[in-house]
Amino acid sequence: MKTQKTIPVPATVPTIRDVNEHWKVAGPQLAADIGSKRDLQVEGLLDSTIGVFSFVIGRHHKKRTKNLHLAGRLEPLVILGFEVLRGAHSAQLVGSLATAALCSRTEFEACVTLKYITDSDSDKRADLFDRFQYAERLKQHQEGLRPLQPADVQRLSTLCPEWRDKNGTVPLNSKWHARKKFSFKDMADEVGELSSYQTLYSLGSLFTHGSAVIKNLYRQGNDLVAVADPKHVSSPA
């Protein structure tokens, strides 16, 4: 009979009390560190931007002029933009560089997508953007995440023929625009945003993919610190 190997356990295992005692000291220190690095000017700018965005969203149904017929299909991008803008504001308040970078990346992607759709051939592109939701639902079915009944598979398949291959399935790397070998970088370049792609978007990607390069943004002399320099947080925000 085999004897089970025991998993090594540290001599002392932290208890809830140990954690609470630590946080009584570390919590106020972290709050003080964040407070000393706040950039009130950037916070105010973001707060004002949120106010303008909210005003536009609240009255957009009365002010629509250009691309009026596309509004219903593109509203998810507008809502997403407002959501991540508020996230960037929160990141600024607590000095979270990672959150600010990720929010700026998402905001940039939404802006480029909206610009690409409305720049040319808007009716077709807005239609593809809207109908891609059916292709994504089929991908979930194919991966076994959210199984569908045969009748629903058939119905959704007829709504998104552009993304189905010769076997009737939706490839995992399908994009909403249904263009082959057309990356987001290509899209940004096409709408004149390549420079921002190489800065804002690339910085966000470092955090998305957990690159070791980000450690340089948390350096203070020879030490690594938990809260980044506020100038790094303010840049993407």
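Each reported figure results from applying straightforward, stated rules to the coordinates on display, with no laboratory input. Source: prediction; values computed, not measured. Reconstructed Cβ throughout: ideal geometry from the backbone, glycine too, with neighbour counts over all protein chains shown.
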**Q.** FRET E, pair E43, D229, Förster distance 25 Å, beta-carbon r, rounded to 0.05
**A.** 0.95
**Q.** Rounded to whole Hz, the Karplus (6.51, -1.76, 1.60) HN-Hα couplings of the stretch 178-187, x for glycine and proline
**A.** 6, 9, 7, 6, 10, 7, 5, 4, 4, 5
Q.
Taking 25 Å as the cut-off for C-alpha to C-alpha distance, list the pairs among K124/K180; K139/K215; K115/K166; K139/K181; K180/K215 that go past it.
A. K139/K215; K115/K166; K180/K215
Q) With each pseudo-label sitting 7 Å past Cα toward Cβ, what's the E75-E190 distance in nm, one decimal? A) 2.6 nm
(Q) With viscosity set to 1.002 mPa s at 20 °C, what whole-number translational diffusion coefficient in µm²/s follows for the stretch 145-237 from Stokes-Einstein and a Kirkwood radius over Cα pairs? (A) 123 µm²/s
**Q.** the stretch 24-129: Rg to Rh, with Rh as the Kirkwood radius over Cα pairs
**A.** 1.12
Q. Based on the Kirkwood radius over alpha-carbon pairs, what value in µm²/s does the Stokes-Einstein equation return for the translational diffusion coefficient of the stretch 46-187 at 4 °C and 1.567 mPa s?
A. 75 µm²/s
Q) In whole Å, what are the Cα extents of the stretch 109-167 along the three principal axes, biggest one first? A) 38, 20, 18
Q) Each residue of the stretch 74-83 in turn: what ³J(HN,Hα) in whole Hz from Karplus with 6.51, -1.76, 1.60 and θ = phi - 60°, glycine and Pro shown as x? A) 9, 4, x, 5, 5, 5, 4, x, 5, 5
Q) With the Cα gyration tensor of the stretch 149-191 giving a ≥ b ≥ c as the square roots of its eigenvalues, does the rule (a/c under 1.5 for rounded; else a/b larger than b/c for prolate; else oblate) give rounded, prolate or oblate? A) prolate
Q) So, in nm, how far is label K124 from label L148 when the simple model puts each one 7 Å beyond its Cα toward the Cβ? A) 2.5 nm
**Q.** Relative counts (whole %) of C-alpha pair distances in the chain, using bins that are 10 Å wide
**A.** 6, 21, 25, 21, 15, 9, 2, 0
